[in-house]
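Here the structure is laid out as structure tokens; the discussion comes afterwards.
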Amino acid sequence: MLKRIVAVVTAAMLILPLLLTGCESQNPAAARPNPSESASPINMLGSYRLLTIPAPSLAESLIGEAIEQEIGVYLPPGYQDGPELYPVLYFLTDFDGDYIFSLIHLSDAMESWVGSRYPGFIVVSVKGQNRFGGSFYANSPITGNWEDYITQDLVSYMDTNYRTLATPEYRFLCGHGMGGAAVINIAMNRPGLFGKVYAMSPTVMSGRYYPYAFNLDQLKGLQTRYEDMDTSAAVSDYNSASLLDSISPNFTTAYASAFAYDGSKKPPYVFIPSSRKDWRRYESGIGDWDKKISRNADALKTLDGFKIDYGIQDQFAWLSLTIRDMEQSLIAYEIPCVIEPYLGGHSDQIPFRLREAVIPWFVIYSSALPDEESEESGLNEDMEDVENMNMENAGE
């Protein structure tokens, strides 16, 4: 049996400290508590805070994206009590994901594992929504450089203001849906930054599915709207709150804005496919995986751990089909990766998966674990429990 510390906390009780800490100072001195300050000798629960941090990488976007962004931070039990350094798990939310509730689920999952054997991680839940609904965590002249925001602004902020183990082997990246696809892209684009990555039901797509997954009516309507309007008036209208509110969230507009910039200075700024072969430009985002994997095989091989999961009942059928194609590419290029199907849909199993699959994977496979010989038997027991549970969830 797994030996866990059970934290019985309701969602309401978790949200309250989040709200109360939302206005805490971002001064590094405030974020690094004085070890001499009094603290409970038995601190079974971590602490939570909501922060707004600088995001200079989003400056100068064509839609005027905010240059301050919200994050949620969970600090594990014991963080306030001493000078120890901690690993950090960054979590990228889905297109319609809520970073606050993601933080609650993540912290609940973490506190089911932490204890004398597993000291826990700092967890950062990232708000990935922009003015169109979802940023895809991609660099774009239209929506801003979201990948740079994650890999530069956010990581630097955490390493500066919190007691982090600021090396790749202790820096982890996880995401769901839109965030899961970004996890894979970032692992390829930024080798040596994150040691272990986990993509939960990543929103990935093979090229043959693109014409069926996107609805171009809104983009075509926007293009028609601005055809006879001068550039200045079009930009002013496009950036107006009323227009953006009327078109957001929209997956197609958000995706095209992230990956299909047409080089113009007039809204909607995106390339709109007119034939099936034109969709190739869109594949740079969440598609074209065989070429990406081939081109970035060396980067993926630097990872200490790489895992992808998906629900076999996911309503987005192209997702699981694409992951199976990706698995063949990963095998062909000899890239170690765990692919785990499980019984469930796209989002209905997130809390369960975080608690029973994601956090255990990071904890147990982490080089941050104690390496004393006395821990080996307990570690093996936990591994057997997790593996048996994963087999049951996959229906094997």
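All of the numbers you see were taken from the coordinates with simple rules; none came from a lab. The shown structure was predicted, so the numbers you read here are calculated from the model rather than taken from an experiment. Cβ sites come from the backbone with ideal geometry, for glycine too, and all protein chains shown count toward neighbours.
5 Å is the cut-off here: which amide hydrogens, built 1.01 Å from N in the peptide plane, fall below it relative to Tyr86, excluding neighbours closer than 5 in sequence?
The answer is Thr164, Leu165.
Give me Asp262, Asp228 ranked fewest to most by other Cβ atoms within 10 Å of their Cβ, as a rough exposure proxy.
On the way: Asp262 13, Asp228 7.
Lowest to highest Cβ neighbour count: Asp228, Asp262.
Could you list which residues have their amide H under 5 Å from that of Ser140, counting only those 5 or more apart in sequence or on another chain, with H placed in the peptide plane?
Residues meeting the criterion, in which the H sits 1.01 Å from N, are Asn145, Trp146.
With 27 Å as the limit, write out which pairs from Lys265/Lys292; Lys196/Lys291; Lys127/Lys277 have Cα-Cα distances beyond it, or answer none.
Working: Lys265/Lys292 29 Å; Lys196/Lys291 22 Å; Lys127/Lys277 34 Å.
Among Lys265/Lys292; Lys196/Lys291; Lys127/Lys277, the Cα-Cα distance tops 27 Å for Lys265/Lys292; Lys127/Lys277.
Among Thr167, Thr252, Thr322, Thr224, which comes first, then next, by fewest other beta-carbon atoms within 10 Å? If you can, show how the numbers build up before the last one.
Working: Thr167 13, Thr252 19, Thr322 24, Thr224 9.
Ascending number of Cβ neighbours within 10 Å: Thr224, Thr167, Thr252, Thr322.
For the charge dipole of segment 216-284, defined by +1 on Lys and Arg C-beta atoms and -1 on Asp and Glu C-beta atoms about the Cα centroid, which residue among Phe251, Ser275, Gln223 has the Cα displaced farthest towards the positive pole?
Ser275
At q = 0.16, 0.24, 0.27 Å⁻¹, what base-10 log of I(q)/I(0) does the Debye formula yield for segment 216-284 when every alpha carbon is treated as an equal point scatterer in vacuo?
Log10 I(q)/I(0), no solvent term: -0.54, -1.16, -1.39.
Across segment 219-229, in residue order, what do the Karplus-derived ³J(HN,Hα) couplings come to in whole Hz, using 6.51 cos²θ - 1.76 cosθ + 1.60 with θ = phi - 60° and x for Gly and Pro?
Couplings: 5, 5, x, 5, 4, 5, 4, 9, 4, 9, 9 Hz.
Give the distance, in whole Å, between the Cα centre of segment 79-96 and the Cα centre of segment 112-179.
Cα centroid of segment 79-96 versus Cα centroid of segment 112-179: 9 Å apart.
Taking neighbour Cβ counts within 10 Å as the exposure measure, how do Ser140, Ser201, Ser156 sort from fewest upward?
Details: Ser140 25, Ser201 29, Ser156 13.
By the 10 Å Cβ count, ascending, the order reads Ser156, Ser140, Ser201.
Compute the relative contact order of segment 216-284 as a whole-number percentage, counting only Cα pairs closer than 8 Å that sit 6 or more residues apart in sequence. Walk me through the numbers before you get to the answer.
Working: 47 pairs, mean separation 25.8, N = 69.
Taking the mean separation of contacting Cα pairs over the length of segment 216-284, I get 37 percent.
Taking the Cα centre as origin and putting +1 on Lys and Arg beta-carbons and -1 on Asp and Glu beta-carbons, what dipole magnitude results for segment 216-284, to the nearest 20 debye? Numbers along the way, then the final one.
Numbers: 8 positive and 9 negative charges, 67 e Å.
Using Cβ point charges on Lys, Arg, Asp and Glu, segment 216-284 gives about 320 debye.
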